[in-house]
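Since every read-out is calculated from the coordinates, none of them should be taken as a lab result. Since we're looking at a predicted model, the values are computed, not measured. Because the Cβ atoms are built from the backbone with ideal geometry, glycine has one as well, and the counts that use them run over all protein chains shown.
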Amino acid sequence: MNGTSSNPTSSTVAALAQALGAPAAFLLPGAEWDDLAALTVYRERPEAREVLRLMQGLEVQDILEICTMLREKRRRAGLSDDVPAIPPPPPGVDQPRDGRPRRLSLEEAAERAADYLEGR
């Protein structure tokens, strides 16, 4: 991906996803693909894919009842009710930073360069 193609091949997307340790769908545009935890379960658990297929055609209330039942099962198993969309990194992995610092304006950069050259 050198920036010349706006439509990468599926093998490029798959390789990038593998390098990032994320499902390829996580790299797709749109907020519906931002739930890394759900995408990981979908990729790794065929039983979860079957549950999704079985929910096809059900009313919203029926799906909400299934969610309530799953939350109760998680509670009984000692798991949290809430599963974050993007799980925290495992121990030993660098924690995400707040972002890179603001770029200096041309004037600020010139002032810094002058200070450096003058030994200030």
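Sort 35-41, 79-85, 13-19, 66-72 by packing, meaning the average of other beta carbons within 10 Å per residue, with the highest value first.
The most tightly packed comes first, giving 35-41, 13-19, 66-72, 79-85.
Mind ranking 56-64, 26-34 by how tightly packed they are, going by the mean number of other C-beta atoms within 10 angstrom, highest first?
Result, highest mean first: 26-34, 56-64.
On alpha carbon coordinates alone, what is the Rg over Rh value for the chain, Rh being the Kirkwood radius?
1.18
Label residue 48 and residue 7 with points 7 Å out from Cα along Cα→Cβ: what is the distance between them in nm?
Placing both labels 7 Å beyond Cα along the Cβ direction yields 3.1 nm.
Any chance you could list P(r) for segment 1-59, counting all Cα-Cα pairs in 5 angstrom bins from zero, rounded to whole %?
Per 5 Å bin, starting at 0, the Cα pair percentages come out as 4, 17, 19, 22, 18, 9, 6, 4, 1, 0.
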